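These notes concern the structure reproduced below.
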Amino acid sequence: MAMDRHDKEKEMASILLSALYADLLGSFKMSEGFMMLLESTEDLSVDIPDAIDVLAVFIARAVVDEILPPVFLTRARALLPESSKGVEVLQVAEKSYLSAPHHAELVERKWGGSTYFTVEEAKKKIQNILREYIESGDTDEAFRCIRELGLPFFHHEVVKRALIFGMENPSSQPLILKLLKESTAGGLISSNQVSKGFSRVAESVDDLSLDVPSAKTLFDKLLSAAISEGWLDASFSKSAASDEDMLNASGEKVKRFKEESGHIIQEYFLSDDVPELIRSLQELSAPEYNAIFLKKLITVAMDRKNREKEMASVLLSSLSLELFSTDDIMKGFVMLLQSAEDTALDIVDAPSELALFLARAVIDEVLVPLNLDDISSKLRPNSSGSQTVQMASSLLAARHSGERILRCWGGGTGWAVEDAKDKISKLLEEYNTGGHLGEACQCIRDLGMPFFNHEVVKKALVMAMDKQNEASILALLQECFGEGLITINQMTKGFARVKEGLDDLVLDIPNAREKFGAFVELATGRGWLLPSFASAP
């Protein structure tokens, strides 16, 4: 995940690995994890163009931080095909980073060093800023300190902490209200962050009452002042409720759902298999969280390429027909639009992207134009989300809007899964009827779907079981593995898929289990499979 994000996240990932080392991740596990990354370099490079260099830095950093032994590079190289991208990673790590003069300092500063606060440190800094402000009354100095924090996505904590100070010390309320009003008017703290801060205090006001008996009355007073002075919209509680209430209702369950749905979405972007995604989503058995899934899908797609954006819109059409109600889809878009200001901190063009997703949903008849009015009514007036809905309406009102919006991300998502499977079957049939080994490898390469090579492995094994030509088929798999065309991860995944379908295979191929056992034994001996495959049930 860090490889696909900014330097800050890469630095944080390296620091986390160092913290986990010894306590939770032993030397063997650390080496095994990096080995899995090296074996997956081909797949990673599909989505992360500079994957080789980034992974090389991670490995060099792990060596410098003494969580990987230097001999790891030699051992890993011996286990990888010579022509694989994993070997390239090791070469870059050794020559460009670990062999350079003052390499330790170079590697440690590659991503800017430790330039972030932990949440606890940020909270302490905010508390100190507010204490000094209440003592001095210097608004400009407080603004400067808040700005220097560089954490605009965490300004809701400033609002929350300021309100609590105002409740604990009523005499400070005029100063607190002045600070929040002027910071909102000056654009230092966004209206969305102000609403979120008030919502967080509203949720915890019962607990606060244990220490401040009049907390509820004091909070209502601050709330009324904020609304009457015009820097907090009267409908803030409604806009904060839908997402926050859902998350707080059963926090752990939602957290697990979001993690699982993230994996499902990533798999979909690799395979382009809509029916498989729908099956996976049904297996989660959580229709009440459909809106959260939609929010996750579009947020992930916005941070990727046009192909994934197109795939997200295509998927949304399928989900609206099979799983999602119009209400689910509207709730999901409301969540997205309520957090549009925060999203824009990471995805600069998020408002225009969201407007296109909304407009595309109308063109695809996932929503009707009137739904946009309903969505807008649930947002704060003049907020970023409200402006995004207006932008979508403008796009739809333009001449020839339908065709332009349909093609906003280029249209099409590459081959459908069934097309790819058909091409794989045909190339294997041609090879099986006297085709050339090198030509078959080239055809697999020309498919341009390295993330789907597990399907090649699966179909090849089934063909070998069924047609008594196992020597020829196994020779093809050996050639593909030796060239680095099919990675150990894809090979293992292909064997696993055959293993899962053995009960069905034996109906047509009575000795399928015996054949498969022999293939596994041969593959293990030749190093095609990950060690985890042998231990899997």
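The values are calculated or read from the model by the stated rules, or taken from the named source; none is laboratory data. A quick note: this is a predicted structure, and the numbers were derived from the prediction, not measured. Heads up, the Cβs are rebuilt from the backbone with ideal geometry, glycines too, and the neighbour counts pull from every protein chain shown. Heads up: the accessible areas ignore ligands, DNA and RNA and are worked out on the full protein's heavy atoms, side chains in. Shrake-Rupley method; radii C 1.70, N 1.55, O 1.52, S 1.80 Å.
Numbers at a glance
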| item | result |
| --- | --- |
| Computed [θ] at 222 nm, deg cm²/dmol, the chain (DSSP H ≥ 4; -39,500 (n - 2.57); rounded to nearest 500) | -23000 deg cm²/dmol |
| Residue-span extension gain [Asp50 to Asp503] - 0.36 nm each, minus C-alpha spacing | 158.9 nm |
| Ser377 paired with Glu141, simple spin-label distance in nm, labels 7 Å along Cα-to-beta-carbon | 5.0 nm |
| Largest to smallest accessible area among Tyr21, Tyr289 [probe 1.4 Å] | Tyr21, Tyr289 |
| Sulfur and carbon atoms: percent of accessible area, the chain [1.4 Å] | 53 percent |
| Per residue convex hull volume, Cα atoms of segment 1-98, in Å³ | 89 Å³ |
| Span-like helix ranges in the chain, DSSP H, alpha carbon extent 27 angstrom or more, Kyte mean at least -1.0 | 191-211, 251-271 |
| Positive-end residue, the chain charge dipole about Cα centroid, Cβ charges, pick of Leu180, His155, Leu55 | Leu180 |
| FRET E, pair Gln478, Lys253, Förster distance 45 Å, beta-carbon r, rounded to 0.05 | 0.45 |
| Accessible-area value, Glu259, 1.4 Å probe, nucleic acids and ligands omitted, Å² | 100 Å² |
| Label-point separation, Glu514 to Ser214 (7 Å along Cα→Cβ), nm | 8.8 nm |
| Kirkwood-type radius of the chain, with distances r between different C-alpha atoms, in Å | 26.9 Å |
| Net lengthening on full extension, Ser325/Ser27 (0.36 nm per residue, minus Cα-Cα) | 102.4 nm |
| Cβ-derived FRET efficiency at R0 60 Å, Lys178 paired with Gln282, nearest 0.05 | 0.65 |
| Within straight-line cross-link reach of Lys125, aspartates and glutamates at Cα separation under 15 Å, skipping those fewer than 8 residues along the same chain | Glu141, Glu148, Glu157 |
| Average accessible surface area per residue within the chain, 1.4 Å rolling probe, Å² | 49 Å² |
| Partners for Lys95 among lysines (Cα-Cα distance below 19 Å; same-chain residues under 8 apart left out) | Lys85, Lys110 |
| Point-to-point label distance, Arg307-Ala471, nm (Cα→Cβ direction, 7 Å offset) | 3.9 nm |
| Nearest-10 value in Å² for the accessible area of His155, using the 1.4 Å probe | 10 Å² |
| Within segment 15-52, backbone nitrogen closer than 18 Å to the virtual label 7 Å beyond the Cα of Val71 toward Cβ | 26-35 |
| The chain: relative contact order in percent, alpha carbon pairs under 8 Å with at least 6 residues between | 11 percent |
| Relative contact order for segment 1-144, counting Cα pairs under 8 Å that sit 6 or more residues apart, in percent | 27 percent |
| Relative contact order (percent, whole number), segment 22-88, Cα cutoff 8 Å, 6+ residue spacing | 43 percent |
